[in-house]
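Only one structure is covered here, and it is reproduced in the block below.
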Amino acid sequence: MGAAKPVRATLGQLASYSSGSLGMGVWVTVPGLLLLYFMTHTLGVSPLLAGLTLLLPKVIDAVVHPFLGSLSDRQARAHGHRRRMMWWGLGLAIAMTAMFSVPPALEGAGAAVWIGAWYIVGNLLFACFQVPYLTTPSDLKISYHERTRVFMFRMMFLTVGLLGAGVAAPALVKSGERGDYAQMAIILSVAMVVTGVIGILGVRRLTEHTGVVQPDAHDHSFAEDFRVAVRDRDFRALVLSYLFTGTVTHLFLAAVPFYTQYVFGSSGLTSLFMGAFLGPAVIAGPMWLAVSRRIGKHRGLLLSQLIFIVGSLVLMAGGLLGVAITVVVVVMLGTSFAGLQLFAFSMVPDAVAAAEKRGTSRAGAYTGVWTATEATGTAIGPYVYSAVLAIGGFVSTTAGVDVVQTDSAQAALVIGFTLVPAVLMAVAMVFQARYRLDGAAPKE
């Protein structure tokens, strides 16, 4: 009797599931892209305080995400699925709108407190959606390369969300006025809710089609789940690598408005550069999938990291490159970004599958640790850049008030956008080199 044919998801199932990433892309992009600039250029918050405002809420995330991963496993045991927690996450739209609707009376430290408080609420609601959503591919009864295919679709839709938000959000707040920021948040929040509902229904369709691997029959403590995940050598190497990779990519997002404004003298280029960065990522997925089939995900991830390092160093030339050449380099970075996301995320289910073969089935716990790492990188990136700005003597301002930055501040904003990311990505490669699970890509 021949072997059973591997289960493959249909295009419709993958599209509906992946639609959840469209709204997710809004939250991943907009706060990282605009909050630092919003605080330092409209609300009069100092760079260092603005960086702390983005960092401290993520410290809470680092604790909460693994807990939500364990909670997700418990819900899967009790109800046979993880979707209940995802419905809670749709409340993120309220937090998104409130965060950018800062009362007129608040400036400086007061504005930072307002944003920080709503950022905490938003991150918690985002985690409620993200943790069970990203655990789904680990639950599916599918093969090694089919997991990559599922994540390729998910990353394509996520990138469309990143691209749409990354281009639309700066255009909607081009004037720099508070009211425009609030209006932008309302518009994008509606999109988040609609795509979130479609994504939840897509999770149901996909899991019913492929079948799911149920978590261990008995509940485990949060601490035990966390220990199991972090003691996994290959998963730990992947997590540490992605911590630095995520730090770099979110540093890039936070730095783009500064780079366009002070290197090229035009904040309007922010949308162009974001389009150049995220546009290629929409279509690069199939290319990276072919790379995965040829050399494996591990080597593909190392290649993506190396490309990002080279591109970052080229941008050290600053305005000497001109807009056209800079756009070409940013396109290269965007292509690398697609590989960074696809390979790293699709390797998490591989680590879960390997753990299941060793007798441990805790996909939610692994995903909780993973999303906590992602959240930490999301915060550290902007904070690192804000710290570099502060060291260089960058001066914050409020809407309508222009400030001439010193030469040291100008140098700092370029170094923080180029050399610092290259060094951090090199560290990511060192950790990734320790990964041994992907010794050879299986043939299917």
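Every read-out reported here was derived from the displayed coordinates using simple, explicitly stated rules and does not represent laboratory data. Computed from a predicted structure; not experimentally measured. For neighbour counting, all protein chains shown are included, and Cβ atoms are generated from backbone atoms with ideal geometry for every residue, glycine included.
Among Leu162, Leu321, Leu90, the largest mean-square fluctuation in a Gaussian network model of the chain, built with springs joining Cα atoms closer than 10 Å, belongs to Leu321. When the chain is treated as a GNM with alpha-carbon contacts under 10 Å, the residue of Asp139, Asp61, Asp180 showing the greatest mean-square fluctuation is Asp180. Across Ala411, Ala379, Ala127, mean-square fluctuation computed from a Gaussian network of the chain (C-alpha pairs under 10 Å connected) peaks at Ala411.
If I model a spin label at Ile295 and Arg434 as a point 7 Å from the Cα along the Cα→Cβ vector, what separation in nanometres do I get? In this crude label model, Ile295 to Arg434 measures out at 2.3 nm. Relative to the longest principal axis of the Cα atoms of the chain, the long axis of helix 144-172 makes an angle of roughly 20 degrees. The residue list Leu158, Gly176, Pro137 was ranked by how far each Cα lies along the charge dipole of the range 125-184 toward its positive end, using unit charges on Cβ atoms, and Pro137 comes out on top.
For the chain, the C-alpha radius of gyration divided by 2.2 N^0.38 Å, with N the number of residues, is 0.94.
Over what distance in Å are the Cα centres of the range 105-173 and the range 30-89 separated? So the separation of the two Cα centres works out to 9 Å. In the range 113-266 the Cα-Cα distances spread across 10 Å bins starting at 0 as 8, 26, 35, 22, 9, 1 percent of all pairs. Computed extension gain for Trp88 through Arg358, at 0.36 nm per residue and net of the alpha carbon distance, reaches 93.9 nm.
Among Ile198, Ile380, Ile187, a tally of other beta-carbon atoms within 10 Å of each Cβ gives an order, fewest to most, of Ile187, Ile198, Ile380. Couplings 3J(HN,Hα) of the range 297-309, computed from phi: 5, 4, 5, x, 5, 4, 5, 4, 5, 5, 4, 5, 4 Hz, in residue order, whole Hz [Karplus 6.51 cos²θ - 1.76 cosθ + 1.60, θ = phi - 60°; x for Gly and Pro]. Between Val193 and Ser175, the distance separating the two model label sites (each 7 Å from Cα on the Cα→Cβ line) works out to 2.5 nm. Placing unit charges on each Cβ (+1 for Lys and Arg, -1 for Asp and Glu) gives the chain a dipole about its Cα centre, and among Gly91, Thr376, Leu240 the Cα reaching farthest toward its positive end belongs to Leu240. Using only Cα atoms and rounding to the nearest 10 degrees, what angle (0 to 90) does helix 222-231 make with the longest principal axis of the chain? Roughly 90 degrees between the two axes. In this structure, the amide hydrogen of Leu140, modeled 1.01 Å from its nitrogen in the peptide plane, lies closer than 5 angstrom to those of Val213, counting only residues at least 5 positions away or on a different chain. Helix 47-79 axis versus longest C-alpha principal axis of the chain: approximately 20°, rounded to the nearest ten. Working note: 222 nm ellipticity from helices only, DSSP H runs with n ≥ 4, each -39,500 (n - 2.57), summed and divided by the residues of the chain, gives -26500 deg cm²/dmol to the nearest 500.
Any idea what the dipole of the chain comes to, in debye rounded to 20, about its Cα centre with Lys/Arg Cβ at +1 and Asp/Glu Cβ at -1?
1460
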